[in-house]
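Chemist: Starting off with a structure, shown below.
The values are calculated or read from the model by the stated rules, or taken from the named source; none is laboratory data. Note that this is a predicted model, so its numbers are computed, not measured. Every residue, glycine among them, receives a Cβ derived from its backbone with ideal geometry; neighbour counts consider all protein chains shown.
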């Protein structure tokens, strides 16, 4: 392991337990300071541009609050036929989204931003991963919704939970579908002289 002494500390600008778990899996020491922005005011219709903008704004909202830190922020959307599927408002919307994705391929797009609060250096990237879903019966959809899992997930499913039962295959980064593409995070942190390994 690289010696992390005397280096910038890591701050995760997210309240997502999934992103927190990913950083913990990598044995990284970090603190959590959720980025506070009003996502509804961003009207960008290009999903890739949107997630990069949101990730950047989340990171910026935290950069003034911490010293000598690298702030990591991310934003993930599910896209089907150029339509962004956000977190469902209720069971009915979750049902509609799952029926829409059933048996089809969709994209999961994650934007990732890192800012140095010390130097103001910024790096932003995106990741596009293709996800193929199985045909999901109405009965399985109802059982899945009853678990409560879909309600805080973009596209109404979580690949790392019961939603993974419906995923036939992926082309791209599994971790991006979860919410944070670790291969890109490592490459970006290298640019800030912070090696994960």
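Chemist: Looking at (1) part of a helix (DSSP H, G or I); (2) modelled with pLDDT of 95 or more; (3) surrounded by 14 or more Cβ atoms within 10 Å (Cβ to Cβ); (4) more than 15 Å from the chain's Cα centre (by Cα), find the lone condition where residue 151 falls short.
Modeler: (2)
Chemist: Something else now. Determine whether residue 141 is part of a helix (DSSP H, G or I) and either crowded, with 17+ Cβ neighbours inside 10 Å or free of Cβ contacts under 8 Å to residues at least 40 places away in the same chain (or both). Please lay out each step first, then the result.
Modeler: On the way: part of a helix (DSSP H, G or I): yes; either crowded, with 17+ Cβ neighbours inside 10 Å or free of Cβ contacts under 8 Å to residues at least 40 places away in the same chain (or both): yes.
So residue 141 passes the test.
Chemist: Out of the range 15-65, which residues are touching a helix residue (DSSP H, G or I) at 6+ places or on another chain (Cβ under 7 Å) and within 22 Å of residue 192 (Cα to Cα)?
Modeler: If the condition is that a residue be touching a helix residue (DSSP H, G or I) at 6+ places or on another chain (Cβ under 7 Å) and within 22 Å of residue 192 (Cα to Cα), then 22, 26, 30, 32, 33, 35, 54 are the ones that fit.
Chemist: Please go through the range 61-96 and pick out each residue that is part of a helix (DSSP H, G or I) and touching a strand residue (DSSP E or B) at 6+ places or on another chain (Cβ under 7 Å).
Modeler: The answer is 62, 63.
Chemist: Only one residue in 135, 190 is farther than 24 Å from residue 16 by Cα and free of Cβ contacts under 8 Å to residues at least 40 places away in the same chain. Which one?
Modeler: Selected residue: 135, the only one of 135, 190 that is farther than 24 Å from residue 16 by Cα and free of Cβ contacts under 8 Å to residues at least 40 places away in the same chain.
Chemist: Sticking with this one: Given the conditions (1) more than 17 Å from residue 47 (Cα to Cα); (2) not in a loop (DSSP other than H, G, I, E, B), which single one is not true for residue 136?
Modeler: (2)
Chemist: For the list (1) touching a residue at least 60 places away in the same chain (Cβ under 8 Å); (2) closer than 22 Å to residue 17 by Cβ, I need the number of the one condition that residue 118 fails.
Modeler: (2)
Chemist: Considering only residues that are in a loop (DSSP other than H, G, I, E, B) and in contact with a helix residue (DSSP H, G or I) (Cβ under 6 Å, 6 or more places away or on another chain), look in the range 167-197 and name the one that is modelled with the lowest pLDDT.
Modeler: This residue is 196.
Chemist: Out of (1) touching a residue at least 40 places away in the same chain (Cβ under 8 Å); (2) crowded, with 18+ Cβ neighbours inside 10 Å; (3) closer than 24 Å to residue 52 by Cβ, the odd one out for residue 172 is which?
Modeler: (2)
Chemist: I would also like to ask the following. Working carefully through the options 53, 58, 99, find the one that is assigned to a helix (DSSP H, G or I) and within 19 Å of residue 10 (Cα to Cα).
Modeler: Details: 53 fails: within 19 Å of residue 10 (Cα to Cα); 99 fails: within 19 Å of residue 10 (Cα to Cα).
Just a single option satisfies the conditions, and that option is 58.
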